[in-house]
Amino acid sequence: MTETELKAPWKDHLGDLPFHLDYFDGSMYEAVKETAEKYPDLPAYDFMGSKTTYRKMMAYIEQCARSFKVMGIRRGDRITIALPNCPQAIAAFYAINCIGAVANVVHPLSAEKELERYVEISHSRMVVTLDQFYEKFAAFRDETDLEAIILTSIKDELNPAMAAGYMLTEGRKVPRVRRDAPVLWWKEFLRLGRRCRWKWDTPGGNDDTAVILYSGGTTGTTKGAKLTNRNFNAHAAHIVGVNPMFTPGDRMLAALPIFHGFGLGVCIHSMLANGGCSVLMPRFTADSYSKLMVKSKCNFLAGVPTLFEAMTRTDVLKKADLGFLKGAFSGGDTLSIELKKKIDQFLEEHGSPIRIREGYGATETVAAICLTPPDKHKVGSIGLPFPDTYIQIVDPDTLEEMPYGEVGEIAICGPTVMKGYVNSKEETEKVLRKHADGHIWCHTGDLGFMDKEGFVFFKGRIKRMIISSGYNIYPAQMENILNGSKYVSKSCVIGVPDSYRMQKIKAFVVLNPGYEPGEETWLHIMAYCKKHVARYMMPYDIEFREELPLTKLGKIAYRELEEEELAKIQDQNNRGMDSNG
């Protein structure tokens, strides 16, 4: 697609948005510092009802940076952050960036062995985490490069009354860290900064690796994506550029975790680099999310489809006026047609002037690289590419560009594309590939197509393709059809090994309220499928579930269901062998 063709769609929807944007020349820390100088008294973040201005946030970040410097951290060193969305995470993240080090951001609820692998992959010298996760890191610190474990607690950021309340409730559940444990507590760590008498702010350049985030990539194997200052600063410019309704002081509900690009890129850095306020939410439930949204009158929401679906069912919002919303963005998983209708109706009934907008992206590009315009939605579309971002739909084997309307692999070229994977040249070369135009393109492993107006449509994962009797079947397509039934709340479709067809299709279904699992419901859904799908796409079985398993990001964990079915088959085979024996 030519630049002229790409320029027209956003111009039609947002007026004078140029195709090429100006991006901040420097580190993430410097971008936020410049914003703080413009808006020193605006709130940068809100935590548990306590607001912190940009001026105070910068002082906090710089105090933290000095402490890291005193501890011997230098440019290029790597530090693991294993924290929820809290002020300490903000301070540590930008402090690490301020001194030119690399933030290795991981999920604090990961299993011990996962955390050990993240530390080993990154060669982290230190880790900053909560007291409740100490034992996980203590178990493997001697086998890694870890020189220090810095511990903090949620109560460290609460006023005395709230801290006392926390210790009487949630704090009682946290295992006590023994007094002689070889750790550095957060407040002691911050005091170290007073000893810093030399130059401490040595931020990295545009193209220096600044952050490592973890992704399954196109192969399903966890890898560390190396993301630069330019990647994050360009992403921050994109988010605000395609949302002209944003103004400094607007509030984003930051419930998505910082260990994921969607949370860190959209909810944190895009706000702090542009004068917004991140309303930090360390732990998510549908009720707490809804209460905080209304209490703080958050202007922007970002989440996965399951989060928005849960929001529509909470009693908290039954009589709420949501007129304060300026934008709601869904990503991370497919937003079904029926769920979009449900959310849009919910927003309209609660006085909101906006409708939910779907985006698409990858950890390898920080987060979103395209978004639905505010004034136009095409059924099934994930939006238009951001400025300076090119999307090609290519044949996965030949890399030839597909004609408009034809399905191929989604490939991305633009300023948010990662440098590569940590210590994984082979995996990097599979994903970052040079095309005939001489540019490096990020191959997503996702299937989709583009129409003549530049709108992109997601069709599913290449790897998540079911081959049955020679036919290619994309589970996401089948799930969208199932979710359109009045009986179905959500679904997941998997391929089950079959000696005759290679794979046969099985559907897992959560029913809508008012419908009960049983033969009659099963027959109704099968009849509905017969009306909407080809014969080769028909499921051989439908299993009813009260809930579907979810990943840590709230996506349906289809691999878990696949493993369950494989285990059942293996068990049946073993029993067969025993009886034959």
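Which of (1) more than 23 Å from Thr444 (Cα to Cα); (2) in a strand (DSSP E or B) is the odd one out, the single condition Gly224 does not satisfy?
(1)
Give the residues of region 353-366 that are part of a loop (DSSP other than H, G, I, E, B), at pLDDT 95 or above and within 16 Å of His235 (Cα to Cα), sorted by residue number.
Val366 - this is the single residue of region 353-366 that is part of a loop (DSSP other than H, G, I, E, B), at pLDDT 95 or above and within 16 Å of His235 (Cα to Cα).
Condition check: in a strand (DSSP E or B), within 26 Å of the chain's Cα centre (by Cα) and not aromatic (Phe, Trp, Tyr). Does Ile494 satisfy that?
yes
Can you tell me how many residues in region 389-432 are under 23 Å from the mean Cα position of the chain (by Cα), free of Cβ contacts under 8 Å to residues at least 24 places away in the same chain and either more than 20 Å from Ala234 (Cα to Cα) or surrounded by fewer than 14 Cβ atoms within 10 Å (Cβ to Cβ) (or both)?
Final tally of qualifying residues: 1.
Only one of (1) open to solvent by 10 Å² or more (accessible area, probe 1.4 Å); (2) assigned to a strand (DSSP E or B) fails for Ile505. Which number is that?
(1)
Quick test of your reading of the structure: Gly438 fulfils all but one of (1) touching a residue at least 60 places away in the same chain (Cβ under 8 Å); (2) open to solvent by less than 50 Å² (accessible area, probe 1.4 Å); (3) more than 23 Å from the chain's Cα centre (by Cα). Name the failing condition by number.
The number of the failed condition is (1).
Would you confirm whether or not region 43-56 contains a residue that is within 21 Å of Val266 (Cα to Cα), part of a loop (DSSP other than H, G, I, E, B) and open to solvent by less than 10 Å² (accessible area, probe 1.4 Å)?
no
Restricting region 512-562 to residues that are among the aliphatic types (A, V, I, L, M) and over 25 Å from Asp498 (Cα atoms), which is surrounded by the fewest Cβ atoms within 10 Å (Cβ to Cβ)?
Residue satisfying both the conditions and the ranking: Leu550.
Just one of Ala65, Ala8, Ala44, Ala31 is of a type in the set (Gly, Ala, Ser), more than 19 Å from Trp200 (Cα to Cα) and at pLDDT 95 or above; which is it?
Ala44
Within region 148-184, count every residue that is over 28 Å from the mean Cα position of the chain (by Cα), within 27 Å of Ile73 (Cα to Cα) and either surrounded by fewer than 14 Cβ atoms within 10 Å (Cβ to Cβ) or of a type in the set (S, T, N, Q) (or both).
Adding up the residues that qualify gives 4.
Tally time: how many residues in region 317-338 are under 24 Å from the mean Cα position of the chain (by Cα), part of a helix (DSSP H, G or I) and farther than 17 Å from Lys459 by Cα?
So the answer is 0.
Do we have any residue at all in region 60-70 that's in contact with a strand residue (DSSP E or B) (Cβ under 6 Å, 6 or more places away or on another chain) and either open to solvent by 40 Å² or more (accessible area, probe 1.4 Å) or more than 27 Å from Leu292 (Cα to Cα) (or both)?
Scanning region 60-70, I find no residue that is in contact with a strand residue (DSSP E or B) (Cβ under 6 Å, 6 or more places away or on another chain) and either open to solvent by 40 Å² or more (accessible area, probe 1.4 Å) or more than 27 Å from Leu292 (Cα to Cα) (or both), so the answer is no.
Mind listing whichever residues of region 331-367 are small (Gly, Ala, Ser) and either closer than 19 Å to Ser288 by Cα or open to solvent by 20 Å² or more (accessible area, probe 1.4 Å) (or both)?
Matches in region 331-367: Gly332, Gly351, Gly361, Ala362.
For region 274-310, give me each residue that is crowded, with 24+ Cβ neighbours inside 10 Å and of a type in the set (Gly, Ala, Ser).
Gly276, Ser278, Ala302, Gly303
Which count do you get for residues in region 406-440 that are closer than 17 Å to Thr363 by Cβ and in a loop (DSSP other than H, G, I, E, B)?
Qualifying residue count for the region: 9.
The values are calculated or read from the model by the stated rules, or taken from the named source; none is laboratory data. Because the structure is predicted, anything quoted here is derived from the model rather than measured. For neighbour counting, all protein chains shown are included, and Cβ atoms are generated from backbone atoms with ideal geometry for every residue, glycine included. When the accessible area is computed, the model is the full protein with side chains, heavy atoms only, and any ligands, DNA or RNA have been set aside. Shrake-Rupley method; radii C 1.70, N 1.55, O 1.52, S 1.80 Å.
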